[in-house]
1. For TYR137, enumerate residues with amide H under 5 Å from its amide H, sequence gap 5+ or separate chain, H modeled in the peptide plane.
2. For the stretch 123-128, take each phi angle, set θ = phi - 60°, evaluate the Karplus expression 6.51 cos²θ - 1.76 cosθ + 1.60, and give the result in whole Hz per residue in order, putting x for glycine and proline.
3. Rounded to whole Å and sorted largest first, list the principal axis extents of the Cα atoms in the stretch 246-297.
4. From the phi angles alone, apply the Karplus equation (6.51, -1.76, 1.60; θ = phi - 60°) to the stretch 160-168 and give each ³J(HN,Hα) in whole Hz, x where the residue is Gly or Pro.
5. Using the structure shown, select from LYS260/LYS423; LYS121/LYS256; LYS165/LYS260; LYS224/LYS262; LYS205/LYS260 the pairs with a Cα to Cα distance greater than 29 angstrom.
6. Show the residues, 5+ positions off or on another chain, whose built amide H is closer than 5 Å to the amide H of LEU287.
7. Above 30 angstrom, tally the Cα pairs of the chain and express them as a % of all pairs, no decimals.
8. Using the heavy atoms of the protein chains and a 1.4 angstrom probe, tell me the accessible area per residue for the chain in square angstrom.
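The values are calculated or read from the model by the stated rules, or taken from the named source; none is laboratory data. Remember, predicted model here, so these are calculated numbers, not experimental data. Virtual Cβ from ideal backbone geometry, glycine too; neighbours counted across all protein chains shown. Remember, those area values only see protein heavy atoms, side chains included, never the ligands or the DNA or RNA. Shrake-Rupley method; radii C 1.70, N 1.55, O 1.52, S 1.80 Å.
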Amino acid sequence: MHRHIFISILISLIVSIQSLVGEKGNVISIDLIHRDSMLSPFYNRSISPSELLRRAVLRSLSHANNFNSHMHSKAKDIQSEVTRNEFEYLMKIYIGENHYQALALVSTGSQLVWIQCDPCKDCYEQDAPPFKPSNSYQELPYDNEFCRVFEKRSRVEPSNQCEYKYVYEKNGFTVGVLGTETFYFDSANGELVSLPKFVFGCGHKNKIKFGRLVQGVVGLGRGKLSLISQLGSDIEHILSYCLVSRSEKTKVSKLKIGQKAKISGGRRRVSTPLSFEDPSPYYYLTLEGISVGTKKIVTKNTRHSNIIIDSGTVMTVLHPGVYDVLEKLIIAIIKKSDENIEPTKDPSGTFSLCYDKGFNIKFPTLIFHFSGADVHLKRRNTYVQYFDYICMTIARHSSNDAISIFGSSAQVNFEVEYDLNQKLVSFAQTDCSQY
């Protein structure tokens, strides 16, 4: 279970109000609000960029550990990555005939969409009152197909309601009743666009702390209950996102859903198959190797070839067997260009590999070789200024049983398209601030 992920949002839509998404060819375009941007309610101008980066790295490493815990969990219940304040993106949603406004965190590693609901038997504190179901709200019965997704569910008598329990890492959970309601989103022209009969969890007992400003979670991972899966064929199973740099404090990243979310124009695109690992909610790719300058680390046909792509994890976190070779190659290539340049230990212990920013270093380019797709990373995707250092935004996983993660820093200024029908992920370099 995890946070990742991977996708924390506002929306602009070119869709019909009459149906879930309207005519095919329309697209939902959602603003992803990064937690540290000036547009976020969590923005704190007193915290330095380096300190915000340090916290993001720690969240990434926590995510990686949670992913690994989930992979080896024997629990039968659905589990998700999101834990407490470990998230990256937010989105606004409006629910019901009264257009109840909620700020929800976005998780690419979970499938359930849920909100704190009245009556709250045991809810975490939030500034806004919990959502109060109106006449348009309908509870789902115990034998409904969506209810059967949950291993841990119970029948509420005599109403025959479906009571769910959704478990998170660190002993967090949400317990509530599964129901349907109309969800609304802001559109580009300022009108609200509706998604009728949307299935979500009305949480009445929620032991998880996101902060007083967050009312729930929107799951974007695989699974029947996620936003993407519920839209399904109406969006032709296509979504894409474009992530702006963390330095863009007044720009938002975008998530698009629908046929027009496909990568367009003359931009060069590369595509790689999705490798599904049922019943996991995560998106897997096959990593065949990593090029460092003219050298190549081969991972094809090894136990290191599985990698999760996740927008909710800032760092790319690699299995120790891959990371250790990568770091040695980078150090050797830099030293070959100037024997006086040595890596500098990060005194905070946050980053694995750093150099004094006073050095005039020509960092080697990195290419991630996915099956059928070579993704060329620019310097901004792999190195970042941290206090007086330049540090690599790739980390070493602490476990030898780990699954590697291709994180959001590596995806900045790429349009990343998921075609779930064709089971493909495609990449195209672009300026995401103009997306």
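1. It is none; the list stays empty.
2. Result, ordered by residue: 9, 6, 6, 9, 5, 7 Hz.
3. 37, 36, 27
4. 6, 5, 9, 9, 10, 9, 10, 9, 10
5. Listed pairs above 29 Å: LYS121/LYS256; LYS165/LYS260; LYS205/LYS260.
6. ASN306, ILE307
7. Tail of the P(r) past 30 Å holds 41 percent of the pairs.
8. 42
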